[in-house]
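The values are calculated or read from the model by the stated rules, or taken from the named source; none is laboratory data. A quick note: this is a predicted structure, and the numbers were derived from the prediction, not measured. Virtual Cβ from ideal backbone geometry, glycine too; neighbours counted across all protein chains shown.
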Amino acid sequence: MNALGIAGVVLLIAAMAAMVVWREQVKAAARSTGVFVSEVNGEVRKVTWPDRQQLKNATGVIILFVVIVAILIGVMDVILQLIFTTWLPSWFR
């Protein structure tokens, strides 16, 4: 057998070994994915979901908070606009 034939056999054996290793890695990944999905499913079952009244209360609090923050930002905008467009330029004239 010449050197080319030996190199071909070595490459074939290496390719077969790589396929075996790759196949085992795919199997391990599939097993770990299955375990992960079942654990997530178990954790989701433990969650206590809010009832309708709790959901309404939380929604009301969030809407009130957003309105308050919007008012504060609007007031800050008006104040800064007065400072930078009216008062500050008059100081440098």
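Please find, among Glu39, Glu43, Glu24, the residue that is modelled with pLDDT of 90 or more, surrounded by 10 or more Cβ atoms within 10 Å (Cβ to Cβ), assigned to a helix (DSSP H, G or I) and of a type outside the set (Val, Ile, Thr).
Glu39
With respect to Thr59, determine if the residue is outside any helix (DSSP H, G or I) and modelled with pLDDT of 90 or more.
So Thr59 does not fit the description; no.
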